[in-house]
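S.K.: I have a structure here, written as structure tokens, and I will follow up with some questions on it.
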Amino acid sequence: MIKVLPDSVANQIAAGEVIQRPASVIKELIENAVDAGSTAINVIIKDSGRTLIQIIDNGSGMSDTDARLSFERHATSKISSADDLLSLYTFGFRGEALASIASIAEVELKTRRHEDETGTQICISASTLVSQETISCAAGSSFSVRNLFFNVPARRKFLKSENAELKHIMNEFQRVALCNPHIEFTLTSNGTTIYNLPKGNIRQRISGIFGKNASANIIAVQVDTSIVKIEGYISKPEQTRKTASEQFFFANNRFFKSAYFQKAVMNAYVQLIQYGSYPSFFLYLTVNPENLDVNIHPTKVEVKFSEEQTIWQVLNAAVRETLGKFAIAPKIDFDIDNRIDIPVIMPDTKMVAPKLDVDETFNPFENEKKTNTFKQEKIDKDWQKMYEGTDISENQKNDDDAPKLFNSLQHLSEKFIQIKDSYIATNSRSGLMIIDQKRAHQRILFEQFLNDFESTSECIQQEIFPKTIELSAMDFITISERIDDLYKIGFDIRIFGKNTVVVNGLPANTGNDEVENIVHAIIDDLKDETSNIEKKSKERIAAALAKASAIGNKTLNAAEMNNFVGKLLSCNQPNICPEGKPTLTIITFDEIKTKFFK
């Protein structure tokens, strides 16, 4: 009953764990190129990797024997015993990648060592060796992977759209490029260069991938302890995104994910950024390899530290210190012309005690008595006005907590009360209704934008001075595929050049003061494939635009509150915002009663 699986089948099973999509192939081959000591790595893809993935490097190359052995399962040059796992500084060490790739694609390898005059070419299809011959080629290695999953149609069917797969490829490319700024990288898709990253330092690499604006708004983190060394960059509190797409951890030059360490960074930003915003960070941790296990996940994106809690504390303290030193405290320039003159005390200078003028008739309690009397009279009048026309008894009016309650209410009218410029409270049949202004505004705008889809010419407000916005390559691709949908709801955005767009018009309901912020917010929402992924494109665009345009903290008068609540209650789904979160809640009379009888 028990049989040993053929190598081809075993390789396909391994490929199911290691090679999930074209981006997985690129990750494995780029990491091998880095381990080979390359100083330049070129990535070329067609049809987002479905048709072709080519990785060209100038690394050490391989002999004809090593080239053939590299496709055998568990063949590796990185380790020779289990003890070597405790001192790893390389990427690929399991020896599964090339065998897995060759089992589900047509692979061609051209490679030559620098000391050899000729190289070798190997062609493998579905784990079967097609040919191997001696050729003339450049030093290094060139892998060409064609027709990925051609013999596993079920896997190929589950690949997403071309742009979605391209984004996954760009993510993997970014992770390797960010931790190897000393290597030159290029990424070309269908003949168009997406990234051209020359050698440089970490800050220059961040600028090359995410744009000049990103590198201009980051501050350096540097700490060195006996357990961990942490260096890198974090964004200023005022420069946040709506997603965590620009958050990167690296351990010993290897990208990894950690919700635990992410919390250490986010905690340092508490009370500095709004809820739902994410700072960017690029943090490089260096630890003793014996205290790091990178072999707990098939794709090695999760790692385990032996001193995890201590590193958390060091990381949190380092980010806090950096924010306090560079982002929060004002900078003092000692080279400015109008500097403060500090008097110089000469040895023969006589010190004279300063004279103080004292008003001996001053009585501080007299003024305080007048002030307190005035304030109390005002509170009593306001409290009386609040209860005009009600059946509240005199004892309840004179309750000590009444003035405190009144002072917590900012705006007062016959129907509505605004609380802290963020919530609207009003009476309802079943109790007290409280409305979240920002979420309610999202719902109102969302339905307005959906209605505006059919009347394009009426909803676009042309800008007198069009706004040019430079984006990262990822953001540029994200918005490029949605330009037509954005136009239908009033955004006249055109491609202006490489990674640059120009905004010619905005929806009539959108203010033009924050054009760039709104565009970035829309991009962030569109990049988040975990939310609204099954909704139609029009609804996704309208939801993203409503979220970016909604205003939460704003003072409203009685007429504005009445109009605002009227618009909300006339919506098709007034109870929830486009993200499915409640826009309002009702505290019933029974719940209110229980507060007084506890």
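The values are calculated or read from the model by the stated rules, or taken from the named source; none is laboratory data. Quantities reported herein were computed from a predicted structural model and do not represent experimental measurements. Virtual Cβ from ideal backbone geometry, glycine too; neighbours counted across all protein chains shown.
S.K.: Working carefully through the options Phe185, Phe158, Phe149, Phe143, find the one that is in contact with a helix residue (DSSP H, G or I) (Cβ under 6 Å, 6 or more places away or on another chain) and modelled with pLDDT under 95.
M.R.: Phe149
S.K.: Same structure again: Search the stretch 396-451 for residues being assigned to a helix (DSSP H, G or I), at pLDDT 50 or above and among the charged types (D, E, K, R), and hand back the single one that is farthest from the chain's Cα centre (by Cα).
M.R.: Applying the filter and picking the extreme gives Glu447.
S.K.: Out of the residues in the stretch 220-230 that are surrounded by fewer than 14 Cβ atoms within 10 Å (Cβ to Cβ) and not in a loop (DSSP other than H, G, I, E, B), which is nearest to the chain's Cα centre (by Cα)?
M.R.: For the stretch 220-230, the residue satisfying everything is Ala220.
S.K.: Anything in the stretch 122-153 that is surrounded by fewer than 16 Cβ atoms within 10 Å (Cβ to Cβ) and over 25 Å from Ser189 (Cα atoms)? List them, or say none.
M.R.: Thr128, Leu129, Val130, Ser131, Gln132, Glu133, Thr134, Ile135, Ser136
S.K.: For residues in the stretch 259-277 being out of contact with any strand residue (DSSP E or B) (no Cβ under 9 Å at 6 or more places or on another chain) and aliphatic (A, V, I, L, M), which is surrounded by the most Cβ atoms within 10 Å (Cβ to Cβ)?
M.R.: Residue satisfying both the conditions and the ranking: Ala264.
S.K.: Identify all residues within the stretch 172-218 that are assigned to a helix (DSSP H, G or I), under 25 Å from Gly37 (Cβ atoms) and not small (Gly, Ala, Ser); write none if there are none.
M.R.: Of everything in the stretch 172-218, those that are assigned to a helix (DSSP H, G or I), under 25 Å from Gly37 (Cβ atoms) and not small (Gly, Ala, Ser) turn out to be Glu172, Phe173, Gln174, Arg175, Val176, Leu178, Ile202, Arg203, Gln204, Arg205, Ile206, Ile209.
S.K.: Considering the stretch 217-254 alone, what residues qualify as being in contact with a Leu (Cβ under 6 Å, 6 or more places away or on another chain) and either at positive phi or outside the structural domain of Leu285 (by TED's automatic domain parsing) (or both)?
M.R.: Hit for the stretch 217-254 is Gly232, nothing else.
S.K.: For the subset of the stretch 278-335 comprising residues that are farther than 25 Å from Ser245 by Cα and modelled with pLDDT under 70, which member is surrounded by the most Cβ atoms within 10 Å (Cβ to Cβ)?
M.R.: If we take residues in the stretch 278-335 being farther than 25 Å from Ser245 by Cα and modelled with pLDDT under 70, then Ala329 is surrounded by the most Cβ atoms within 10 Å (Cβ to Cβ).
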